[in-house]
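Derivation of every value follows stated rules applied to the coordinates shown; laboratory data play no part. All values derive from a computational prediction rather than experimental measurement. Don't worry about glycine lacking a Cβ; one is built from the backbone with ideal geometry, like all the others, and counts go over all protein chains shown.
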Amino acid sequence: MDKKILEHLLEEVREGKLPVAAAVERLRTLPFEDLGFARVDHHRQLRQSFPEVVFDAGKSLDQVRGILTSLTSRAEHILMTRLAPDMAAALAPDFPGARYYPDSRAWTLSRGEIPDRGRGLILVISAGTSDIPVSEEALVTARIMGHRAD
């Protein structure tokens, strides 16, 4: 849950548009939501300015889908790393607008404008073709987290 969503929730309560009990139910999963196979940290965005990043290696498609469903209910911008190409293809219909980066196996979903958090330009420099996957992951990570990067 990011600051903007939390502020909107509190405004709805203040204006009488949302009962307190309904607001409490929405906040029930703060800071963590236990999915049985994973605990999703919904409070991380408030603490660190970006939601939990999902490391996908070793997770099943159903686990990844469950984590993504949970995150997308509360976060505007999501980053997953080490996502296999077949899993990215299987997730595409459920998460329109997501972008997959096959070299780094990174996956992003942005709904809305990414806030500018940078103070300058981050340059990602590769020493050769074997560095391309990690370089692309660094570039994707910097950009989704609101930094200018080339």
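Figures for the structure shown
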read-out: Inter-label distance, nm, simple model (7 Å from Cα along the C-beta direction), residue 69/residue 84; value: 2.1
read-out: 5 angstrom amide H check on residue 32, placed H, neighbours 5+ away; value: 42
read-out: Among 45-56, 12-23, 68-79, the order from most to least packed when residues are scored by Cβ within 10 Å on average; value: 68-79, 45-56, 12-23
read-out: Pairwise FRET efficiency - residue 119 versus residue 34, Cβ, R0 = 22 Å, nearest 0.05; value: 0.05
read-out: Proximal aspartates and glutamates relative to residue 17, as straight alpha-carbon distance under 19 Å, when same-chain residues fewer than 8 apart are discounted; value: 7, 25
read-out: Among 13, 27, 50 the positive-end extreme of the charge dipole of the chain (Cβ point charges); value: 13
read-out: Stretchable slack from residue 110 to residue 25, in nm (0.36 nm times residue separation minus alpha-carbon distance); value: 28.1 nm
read-out: Backbone HN-Hα couplings from phi across the stretch 140-149 [Karplus 6.51/-1.76/1.60, Hz, Gly and Pro as x]; value: 4, 4, 4, 5, 5, 8, x, 10, 6, 8
read-out: Shape call, the stretch 88-150: gyration tensor on alpha carbons, a/c limit 1.5; value: oblate
read-out: Projected-area mean, the chain, by convex hull of Cα positions, square nanometres; value: 10.3
read-out: Packing-based exposure ordering (other Cβ within 10 Å, fewest first) of 41, 62; value: 62, 41
read-out: The chain - share of DSSP beta bridges that are antiparallel (%, nearest 5); value: 70
read-out: Computed over the chain: relative contact order in percent, which uses C-alpha pairs under 8 Å that are six or more apart; value: 17
read-out: Packing-based ranking, highest mean first, of 100-107, 89-96 given that Cβ atoms within 10 Å are counted; value: 100-107, 89-96
read-out: Full-extension gain in nm, residue 95 to residue 48, via 0.36 nm per residue minus C-alpha separation; value: 14.5 nm
read-out: Euclidean distance between Cα centres, the stretch 52-75 to the stretch 3-26, Å; value: 25
